[in-house]
Amino acid sequence: MIPASFDYVRATSLDQVIGLLQGDPDGIKLVAGGHSLIPTLKLRLASPALLVDIRGLDDLRCITIGEQIRIGALTTHAELLASTPLREVLPIFHQAGSLIADPQVRNRGTIGGSLANADPAADWPAVVIALNAEIELAGPQGRRRVAARDFFVDIMTTALALDEILVAVHITRPRPDTQFRYRKIRHPASGYAVVGVAFALGLTDNTVSDAAIGITGATGHAFAAEAAAKAVIGQPLTAETIEAAAKLAGEQADCLSDHYASADYRRHLIRTEVARGLTSFKAD
Ligand SMILES: Cc1cc2nc3c(=O)[nH]c(=O)nc-3n(C[C@H](O)[C@H](O)[C@H](O)COP(=O)(O)OP(=O)(O)OC[C@H]3O[C@@H](n4cnc5c(N)ncnc54)[C@H](O)[C@@H]3O)c2cc1C
């Protein structure tokens, strides 16, 4: 449980980080909150030659709310949870943030670290997919944005190149009729999602005008449940439309299996959680 030795640099600018990454992208790890990286180093699942601590890059710690909402990569889970202006516009950050781990983890862990780490059971990936967010990356060629639904590629693998750093998350301000939910079945030991489902639904008189559903925990990476979302758009939320959408979400998922939850059980949880989430929007 002792990491291999490494050098350590406390970065003072984004250009410095990108310059270092360009020099030896394989031998470097960025460290933000450290709550995923440090255990990885202790288990020697990674042994970088150099750790670049990015916590001093204050420009990456922000929540800016306008027509576009910009969340800097170094914003902690606790800061997202505590932001009243963010909660007013996008309450899903409060709904999901309150279900992440415990106060100690929430005080250190960052949204950028969580997204870059792409743990299949992390919560924020489902949320940014449901919000149709864009992830801003910076590298030697400049900046680029990747749609959240294309960002997560495989288990702990993203669209981030080795010489890039995740800078921010961008979300278009939702229409006033949009409502949000985040539901999670927690692993009893770790608190991570066995299945987590994020919903953003435009609703007028119980008819769905727009829908996006992000699912985490069940598969190798978070994904957009597109067939399920399409199945409710233009429809009233009835027991039949909800059941049809939940079934489609389960069918789309190529579920993981482990000693805690089989693939079939995870698929079952997707169906029940999508159905419960959609039912919670339904006018009685
Ligand atoms: C006990 C415990 C319980 C937890 N429970 C949950 C939970 O319920 N739900 C949940 O979602 N998460 C959970 N987590 C994970 C926690 O949220 C982590 O903090 C988070 O996943 C990683 O964020 P970090 O800032 O600590 O990243 P770090 O550990 O610093 O970094 C993680 C990885 O991302 C890279 N990285 C970090 N920042 C950037 C960046 N800006 N650009 C590019 N690469 C970057 C690092 O190089 C590293 O590879 C838990 C963690 C612990 C220890």
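Descriptive notes on the structure:
So that you can scan it fast, the table gives a plain yes or no per residue for (1) under 18 Å from the mean Cα position of the chain (by Cα); (2) polar (S, T, N, Q); (3) assigned by TED's automatic domain parsing to the domain that holds Glu136:
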| position | (1), (2), (3) |
| --- | --- |
| Lys184 | yes, no, no |
| Ser190 | yes, yes, no |
| Ala198 | yes, no, no |
| Asn206 | no, yes, no |
| Ile215 | yes, no, no |
| Ala218 | yes, no, no |
| Ala228 | no, no, no |
| Ile233 | no, no, no |
| Leu237 | no, no, no |
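- Some residue of the range 179-200 being open to solvent by less than 40 Å² (accessible area, probe 1.4 Å) and at pLDDT below 95: yes
- Residue among Ile92, Ile69 that is more than 12 Å from the ligand (Cβ to nearest atom), over 14 Å from the mean Cα position of the chain (by Cα) and hydrophobic (A, V, I, L, M, F, W, C): Ile69
- Single residue of Leu160, Leu131 found to be open to solvent by 10 Å² or more (accessible area, probe 1.4 Å), within 8 Å of the ligand (Cβ to nearest atom) and aliphatic (A, V, I, L, M): Leu160
- Residues of the range 1-37 classified as more than 23 Å from Asp58 (Cα to Cα), in a helix (DSSP H, G or I) and without any contact (Cβ under 8 Å) to a residue 60 or more places away in the chain, total: 2
- Every residue from the range 201-224 that is open to solvent by less than 10 Å² (accessible area, probe 1.4 Å) and outside any strand (DSSP E or B): Gly217, Ala218, Ala222
- Filter result for Ala227 (assigned to a helix (DSSP H, G or I) and either surrounded by 18 or more Cβ atoms within 10 Å (Cβ to Cβ) or not small (Gly, Ala, Ser) (or both)): no
- The lone criterion from (1) part of a loop (DSSP other than H, G, I, E, B); (2) within 23 Å of Ile28 (Cα to Cα) left unmet by Ile100 is number (2).
- Count - residues of the range 75-94 that are out of contact with any Gly (no Cβ under 6 Å at 6 or more places or on another chain) and crowded, with 20+ Cβ neighbours inside 10 Å: 7
- Of all the listed residues (Ala148, Ala116, Ala133), the sole one being within 19 Å of Arg61 (Cα to Cα), in contact with a helix residue (DSSP H, G or I) (Cβ under 6 Å, 6 or more places away or on another chain) and of a type outside the set (Ser, Thr, Tyr) is Ala133.
- Single residue of the range 65-74 satisfying the filter (surrounded by fewer than 21 Cβ atoms within 10 Å (Cβ to Cβ) and not polar (S, T, N, Q)) that is farthest from Pro174 (Cα to Cα): Arg70
The values are calculated or read from the model by the stated rules, or taken from the named source; none is laboratory data. No experiment lies behind these values; they were computed from the predicted model shown. FYI the Cβ positions are ideal-geometry reconstructions off the backbone, even for glycines, and counts take in every protein chain you see. Only protein heavy atoms, including side chains, enter the accessible area calculation; ligands, DNA and RNA are left aside. Shrake-Rupley method; radii C 1.70, N 1.55, O 1.52, S 1.80 Å.
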